[in-house]
Amino acid sequence: MKILSIDVDWVQSGLHVEQLNKVFFTKVKDVSEIVFSDHHHLICDVLKDENIILHNIDHHHDIVYTDEHIENIKNNQIKSPHWIGNLIYQKRLKEYHWYKNINSQFIRDGYFGEKLLLDNDITFKYYEKLDNIMKEKFDLLFICKSPFYTPGEFQLLHNTYFDYCKINHNDKVKEIERRINVHNY
């Protein structure tokens, strides 16, 4: 399964909005499923396949950041800062293409995240422009709001994309239930 995942926290300026709109409105037409959620880790609720090819537009790599995240991964506790680490640890991810910002924190050398990638023979590439994504075709489009990381004015993009899809692609849209009063990002 080939997935395009968009975390709206990638957006940091009006230029980012323009670039993301180009990707979204081009790719939304051709996917067979469109899923919306507030939190990125909830994508795992719809990912049932192995050999996943993931293209992730995100300010964060979401592999692992802290020792607590390592324990979460080993105990199959899936949260937003390490949901990709979970997929790698479960041997479900074949390729990971990360579309990051210039100021995104990279994977720490010699740390658990790097070891996960190397030990599991994952194809890992990162980009600071969205150009390469335009050549790709996807089965699933996932869009998350990440309310703890995305400034309010850019969270409106998530809402706009959702409204657009409900009007124009309602037969392909699924919304993962929001978890109220849960700070399990």
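Of note:
- Qualifying residue in segment 51-74 (condition: under 14 Å from the mean Cα position of the chain (by Cα), surrounded by fewer than 22 Cβ atoms within 10 Å (Cβ to Cβ), closer than 28 Å to residue 168 by Cβ and without any contact (Cβ under 8 Å) to a residue 60 or more places away in the chain): yes
- The residues of segment 48-70 that are hydrophobic (A, V, I, L, M, F, W, C), more than 14 Å from residue 85 (Cβ to Cβ) and in contact with a helix residue (DSSP H, G or I) (Cβ under 7 Å, 6 or more places away or on another chain) amount to a single one, 57.
Quick grid of which residues meet (1) surrounded by 22 or more Cβ atoms within 10 Å (Cβ to Cβ); (2) touching a residue at least 12 places away in the same chain (Cβ under 8 Å); (3) over 14 Å from residue 57 (Cβ atoms):
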| position | (1), (2), (3) |
| --- | --- |
| 13 | no, no, yes |
| 19 | no, yes, no |
| 23 | no, yes, no |
| 27 | no, yes, no |
| 44 | no, yes, yes |
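- The set of residues from segment 128-143 being closer than 24 Å to residue 166 by Cα and exposed (fewer than 11 other Cβ atoms within 10 Å of the Cβ) comprises 134, 137.
- Number of the exception - residue 88 against (1) in contact with a helix residue (DSSP H, G or I) (Cβ under 8 Å, 6 or more places away or on another chain); (2) touching a residue at least 60 places away in the same chain (Cβ under 8 Å); (3) of a type in the set (A, V, I, L, M): (2)
- Test result for residue 146, at positive phi and among the polar types (S, T, N, Q): yes
- Assessment of segment 111-134 against the conditions (among the polar types (S, T, N, Q), under 17 Å from residue 20 (Cα atoms) and over 16 Å from the mean Cα position of the chain (by Cα)) yields at least one matching residue.
- Test: residue in segment 94-112 that is acidic (Asp, Glu) and modelled with pLDDT under 90: yes
- Some residue of segment 126-139 being more than 21 Å from residue 32 (Cα to Cα) and touching an Asp or Glu at 6+ places or on another chain (Cβ under 6 Å): no
- Selection count, segment 3-19, where residues are over 14 Å from residue 54 (Cβ atoms), among the charged types (D, E, K, R) and within 13 Å of the chain's Cα centre (by Cα): 1
- Residue count for segment 1-43 under the criterion of being within 20 Å of residue 80 (Cβ to Cβ) and in contact with a strand residue (DSSP E or B) (Cβ under 8 Å, 6 or more places away or on another chain): the result is 17.
The values are calculated or read from the model by the stated rules, or taken from the named source; none is laboratory data. A quick note: this is a predicted structure, and the numbers were derived from the prediction, not measured. Every residue, glycine as well, gets a Cβ built from its backbone with ideal geometry; the counts of neighbours run over all protein chains shown.
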